[in-house]
Every structure is written in C-alpha cells, then in structure tokens.
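The values are calculated or read from the model by the stated rules, or taken from the named source; none is laboratory data. As the structure is a prediction and not an experimental result, all values here were calculated from the model. Cβ atoms come from the backbone with ideal geometry, glycine included; neighbour counts cover every protein chain shown. Surface accessibility is based on the protein's heavy atoms, side chains included, excluding ligands, DNA and RNA. Shrake-Rupley method; radii C 1.70, N 1.55, O 1.52, S 1.80 Å.
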Number of protein chains: 2
Amino acid sequence: MPRNTRTSSGRPSVTLKDVAERVGVTSSAASMALGGHGRISEKTRQAIREAAAELGYVPSSAGRALRNQRSGAVALIVPDTSQHVLGHSYFMHVLTGISAAANARDVQVILSTTTEEAGDVAAYQRVVRSRSADGAIVTSAAVTDPGLEALVASGLPVVLIGNFPYLPDAVSVGIDDVAASRRATEHLLDVHGRTELVHVTGPLDHQTGIDRRIGFLDAIEASGGRAHGRLLEGDFSEAAGRQAVESLLGRGTGVDGIVFANDDMAFGGLQALKAAGRSVPGDVSIVGFDDFGLSRVTTPGITTMRAPAEDMARRATERLFRVIDGSGGSPDRLTLPVDLVVRDSCGCPAA
Amino acid sequence: MPRNTRTSSGRPSVTLKDVAERVGVTSSAASMALGGHGRISEKTRQAIREAAAELGYVPSSAGRALRNQRSGAVALIVPDTSQHVLGHSYFMHVLTGISAAANARDVQVILSTTTEEAGDVAAYQRVVRSRSADGAIVTSAAVTDPGLEALVASGLPVVLIGNFPYLPDAVSVGIDDVAASRRATEHLLDVHGRTELVHVTGPLDHQTGIDRRIGFLDAIEASGGRAHGRLLEGDFSEAAGRQAVESLLGRGTGVDGIVFANDDMAFGGLQALKAAGRSVPGDVSIVGFDDFGLSRVTTPGITTMRAPAEDMARRATERLFRVIDGSGGSPDRLTLPVDLVVRDSCGCPAA
DNA sequence: CTGAAAGCGCTTACAG
DNA sequence: CTGAAAGCGCTTACAG
C-alpha cells in the first residue's frame, strides 16, 4: 500500500513519489524516466515504468500545469448574448471539430458558457486568466460585444470563428458570407428565374446578419433591374422566419423567392407558407443558409449554403495551437469555401 | 509594472504575490483577504481587493487545484463506442443541462471524448485520475463496456445517465424505458386501433435498446391477442430505420403500426414509407422515441416519447456534486418521467 | 554523470 | 492576534 494523499472525496491518489518509492529512486528520477528525458539507466527506467503501470499512475494535471505554466487545455467560449445559444446544433458541429483537433494533440476541451451579464469583460477573460485553458476559441459573438475586443487586445491566445472585420488584430476562421449569400440569391435569380425576391435578414448586430444581407443586395443589384428585392429583418429564429412570411403574405405583396439568412428562419417561413396554402417551390422558391442538420430533414428539403462549422472549428483549434506555441502568431484570417446544397425548396428537380 | 511570471505564450500573468506586493502585505494575507477568511483589517482588505481588481487578478486554477486537491471541474465522458456519438443532438441537450448545473456552482465543464480503442479502461479513468476533473458524467455507454464497470468500482465520483441494472453500485439518472416504450405502443394499439405492429429495435447491446424492446413486447402481450407484434433489429441510425421498413415492405407483410426505438430510425422509416407510396399515418401509424429535435420538424411530425435529456443531465450533475462533496454518496437511481408528445405520425388530429 | 533543491501559485496550519 | 513556513505534485536547473 503506497503512502499517498487522498482527494477530497477520499480516493487514494497515486503520485510520482509513490512510484519512485516503490522502485527506490527519487521522484525526480521517476519523472525523468517516464518523460523519456535524462540519463536514467534502461533497467531502472523499465522498473519505473512498470511501477507506474501497476499503481495506475497518471500525472496530476494541476501539478504539471503549475510547473509547466501551461494547462494543456483549450476553452470554447460561448457568449449567451448570441442567437446561437448553446443547445443549437451549430455548437455540436463546433464541438466535434474542436474535439477532433484537441484529441489529436491530447489536449483537454473546456466548455465555457458565459452566463454572466452581457458586456462583462471579465467573463471572457476569466477562463484564460485563471490559466485553466491555454487559449480559447470564441464563436458567434455579437458585433457590439465589447468584451471580445478587449480579449483579443489583451494578447491572450484566441482564435475566432466567424467574421470580424472590425478586429484586424484577431486570428479568425470563417466563410465569405457576402459571396455565399449572393450565390444563394443568384441561384433563385438565374437558375429558377425568380424576380420578386425577399431577404429575411439575421440580426444586424451580428456580422453574419450584416454580410448575408449585403450579399443579397449585391445579387439584386447585379441583376440590372431584372429582379426586385425587398428586406425583412429577422433574428435567426424559427419564429422570426414564420412572422416574416406571415407579414409578407398579410400585405399581399407579390413574392416568388425568399432568401432566408439561415435555415431556422427558412423552416419557420416554410411552415407559414404551407399554412397559407402556398406551394414551395411551386409558388415560392426558398433558400436557407447553414446546413447544420435541419434543412436536410424538412419537407421539402431546404436548399441551402453549407457553412462548414466542424471544419472551421477544427482549423481554428489547430490555428490556436500554433498561436499558443508561438509559431505563426501573426494575425490573419482563413476563409473556407461554402457549398450550395441543392434540395427541393428552390425548385430544382429532386436528386 | 508588477514583477510577475510569464506564461508559455509570453503573456504576463498576475499572481497573488503581485497583488500583495502592491499593497505591501504577504501573499498569505492577500489570499485571506480575498477569500474573506482570517483576520485582516477592513482597511487593508479593501486595499487588497482594489489592487486585485486593478491588476486583473484571477486565481490560478492550477495553484488552487494543487493546494485544494480539487480541480473545480467536472467531465462529460463520451464513449465513441456508442451509437450516440458526439455530434448527435442528444449531447447538445446533455451539455446544456450539465452547463446549467455547473455554472450555478461556478464549476468548469470538461468535454472528454474517448477516442481510444474500445475497452481501454484507462481511457475512462485518465481524466479523473489526472484529477483534472473532480468527477464525471458518463452517458450512453454500451452494456458490454468493461471500462464503465471498472470506473464505477474504482470509487471515483461518477454519475451515469441512462439505465444500468447490472451496475448496482452506480449512481444513475434515467428514465423508465420499458414503461415508456410500452406506453408508446399502447398509444397505437388503444387510441388508433392498430393491430399489426412492428418494433424496430435499437442496438441490443445498449440498455435502451433492450428495454424499449421489452416495453413493446409487454404491450403486445397485454393486448391479449388483440394485436400482433413483430421485431426487426436496428441500431438507432436513420439508415437502419429505412432499411427495416424497406425489408418489411419487400416481404409484403401487413403492417399498420411501427414503433421505432428512436426518432432517427423513425425518420428513416418515414422516408421509406413515403417513397413506397404508403401514407403516414393513413396506412401506417408510427411513433418514435427521444424528441431531441428531429421529430418536431419532419412532415408529418413524429409522435414520440420525450426523453428529458437536459433535465437528466442537470440532475446528474447536481447529484455528482453531492457525491464529490461526500454527502449522499449511497448508490441510488433517479428515474424521471417521460411524456408522450403527440404529433401527426400516429394519426391523432393535428394540434 | 547523478542527486536533491528550487519553485510554479495557492491556502492554511503553525510558530511566534 | 499576526507573520511566515509548509506543502499540494510536478519538472528541470543546479550543485556536487
């Protein structure tokens, strides 16, 4: 029975000292042997390894973190100020991507949801200042979020997922929302010949909302008067999509194509169109944005722009590791391609 | 400029010593002042608090964890041996519940996906043995998973989500899958008068698969010969649901009701039924299980049993805190109620 | 080349 | 009552 400490819950905890004592060496020697460093003879190294295995020794993350000044963890910070609250399938993709990259480096993932009041700068910084994580991935923050700017400016290793044109010093991974939204709009315009278009925007204090709106307007403008475009403000919620369509139909204005800034709103709009007896895509073609899961399972399936959330998260995490390591720390931005996923809601023949 | 250490990435890190020096006291005094303990005069305490705020001091989690023998974090362990891999909406609900409970106690959440080969006992234990988490929530492990039994037996604070009748020493939170599945089946039997029933099972090395199968058979048996029941084995995947229905229709056997062991399979089955020209619920009534999001958005909406995943996770986490604290550590089980969520796929009039 | 000390940051038991 | 040491577990720079 090794002489060891006990945790708060009374479990025995095996330390390096226990391993060392069993073999009759110092804990320094045990550390070096297990770390593959130093000049420990092959024989004692072997004995130490065996003792460690027998005792079920696993290094204390706290001891190691304190000594190394590095926790071996990264944090995903989820601001609750966002429309994309935890619980949205978007985060499932993000978490999957982060986990994949973190597992490859044997790094822990900390999930940090900031339940604090909005604008609390400390809320962002706490996890990294406490050094429980060596760096952070932040996603879907509002443009108006002041904490984010402070976080980036503080020099903490942070990689953002999304677009942050107002944060030139940030490292970020995202997509070209303007181009993607323009492409979605052009699909209705050019492939389906729709001319009376409506865009239901996202929240305009989020960059994605801003950019997708611009892309829509760009496409209308590029049509040279061939198409007519109107805007309705939404907030990325299913309810907003439903309400937008209801108000649209209520006003009796003509519409043959709707570009929703995301799939949740497209689904809400789809339901409202069906409820009003409008055929999709017969009467109205619709497209969404995201492809996080919803758009595939509705009837009709929603044609959408696929935002590669998992891949963005994986790349962001890999990039974060480089920032933490001090290699490639210059601010930059990675833009991933977006695919048009054709389903039934636009009017394309079923696959 | 305080004299302070630097992290690996070169950031200055404010420690208790920096705070203490600015005020001209020892770090012990600073610790006591900030902790609200000890007999520090109100005046210096005030000064210390101010200094801490000015410097942006946040306690080092490693230093604190090492000293307190407690990390202040809990881990969600996700075995990848499961059908419920990370990326499934189930985990989003679980994470939301864990986060809510953890935030209320200012505890960190670590997401631990075990990418190791199945059966690696150490994979389960590593996170807790390294003391990076004070306890763990484990969910959706296979019945055949040997690591889980070892984990529970090791005495580490663990709370399981799900049913584990073969682990009497475990603390767990779950639902009564047998009763819930029976109730779903009886809904088709009694409310809709369906008599030719089929159950598409989950994987039978998972307790949920086993139990939901039993519930179906119980309902058939209780019908006293009024209804006929058959079984088709699935694995909780959409593809399995589709294939089950295809084989069913291929054989030309009569069926007027299908009880799917989860919603993913129900959706797959629904697609196959539609593709074959069978009306749901006109020709065939179907019910699913879970209600994690999918069943609400399909057409028709899938009638299902709602497994309160978020609530289970929240309760499991609260229970875990009690185990960690040493209060209420006796093995027990909490069973939460399951609601029948009526949608269109069973034949009930639209809400 | 090897053994043992120093110190990461924290909190509390202990000496004065 | 207050000040300063001890020690959590680890790794590596340093003394011998």
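Comment: the Cα-to-Cβ extended label point of B:ARG67, at 7 Å, lies 2.0 nm from its counterparts in the other copies, nearest first. Placing a label point 7 Å from Cα along the Cα-to-Cβ direction at B:SER41 gives distances to the equivalent points in the other copies of 6.2 nm, listed shortest first. Of B:TYR90, A:TYR57, the order by accessible heavy-atom surface (1.4 Å probe, DNA, RNA and ligands excluded), from most exposed downward, is A:TYR57, B:TYR90. Counting heavy atoms of the protein chains alone, B:PHE321 has an accessible area of about 10 Å² for a 1.4 Å probe. Summed over the residues of the range B:16-59 and divided among them, the accessible surface reaches 58 Å² per residue at a probe radius of 1.4 Å.
Would you mind counting up the charge near A:GLY36? Only other residues with Cβ under 13 Å from its Cβ, with Lys and Arg at +1 and Asp and Glu at -1. That sum, taken over residues with Cβ under 13 Å, equals +2. Above 33 Å lies some portion of the pair distances; for chain B, what is it as a whole percent of all C-alpha pairs? In whole percent, the long-distance tail amounts to 43.
Put the Cα centre of the range A:27-41 next to the Cα centre of the range A:291-351 and the gap is 45 Å. At the residue level, A:ARG314 shows approximately 80 square angstrom of accessible surface with a 1.4 angstrom probe and all protein chains present. Straight-line reach from A:LYS274: taking Cα to Cα under 25 Å and skipping same-chain neighbours fewer than 8 places apart, the lysines in range are B:LYS274. Near the amide H of B:GLU196, within less than 5 Å, lie the amide hydrogens of B:HIS228, B:ASP256, B:GLY257, all on another chain or at least 5 residues away, with H placed in the peptide plane.
For A:MET265, neighbours were defined as the other residues whose beta-carbon sits under 9 Å from its Cβ, and their charges (Lys and Arg +1, Asp and Glu -1) total -3. Counts of other chain beta carbons within 10 angstrom of each beta carbon in peptide A:54-66 average 6.
Considering only the other residues whose Cβ falls under 9 Å of the Cβ of B:GLY97, what net charge follows from Lys and Arg at +1 and Asp and Glu at -1?
Residues near B:GLY97 contribute 0 overall.
I'd like the carbon and sulfur percentage of the solvent accessible area for the protein assembly as shown, probe radius 1.4 Å, heavy atoms only, ligands and nucleic acids excluded.
Details: 14300 of 28540 Å².
The nonpolar share, carbon plus sulfur, comes to 50 percent.
Chain A residue nearest the axis that carries A onto B, by Cβ, with distance in whole Å, is A:THR299, 2. Accessible area ranking (1.4 Å probe, heavy atoms, ligands and nucleic acids excluded), largest first, for B:ASP169, A:ASP344, A:ASP339: B:ASP169, A:ASP339, A:ASP344.
Give me the accessible area buried between chains A and B, both sides summed, with a 1.4 Å probe, in Å² rounded to the nearest 100.
So the buried area, both faces added, is about 4500 Å².
Along each principal axis, taking the top coordinate minus the bottom one, the Cα set of the range A:273-351 gives 59, 21, 17 Å in descending order. Please report how far the C-alpha centroid of the range A:46-81 lies from that of the range A:146-170, rounded to the nearest whole angstrom. Distance between centres, Cα-based: 28 Å. Distant-in-sequence amide contacts of A:SER140, defined by a placed amide H-H separation under 5 Å and a gap of 5 or more residues or a different chain, comprise A:ILE161. Across the identical copies, the 7 Å label point of A:HIS228, projected outward along Cα→Cβ, sits 6.1 nm from its counterparts, in ascending order.
Counting only lysines at least 8 places from A:LYS17 when in the same chain, those with an alpha carbon closer than 25 Å to its own are A:LYS43. Mean separation of Cα pairs under 8 Å and 6 or more residues apart, divided by the residue count, gives chain B a relative contact order of 15 percent. Note on the protein assembly as shown: the alpha carbon radius of gyration divided by the globular reference 2.2 N^0.38 Å gives 1.06.
Within 10 Å of the Cβ of each residue in A:124-136, the mean number of Cβ atoms contributed by other protein chains is 5.
With the whole protein complex present, B:ILE175 retains an accessible surface near 10 Å², based on a 1.4 Å probe. Using the 1.4 Å probe convention, the accessible area of the range A:213-351 works out to 40 Å² per residue with neighbouring protein chains retained. Principal axis extents of the C-alpha atoms in the range A:16-59 (largest first, rounded to whole Å): 23, 17, 15.
In a GNM of chain B with a 10 Å cut-off on Cα contacts, which of B:GLY234, B:GLY301, B:GLY56 has the highest mean-square fluctuation? Fluctuation is largest for B:GLY56. The Rg/Rh ratio of the range A:94-208, with Rg taken over Cα atoms and Rh as the Kirkwood radius over Cα pairs, comes to 1.08.
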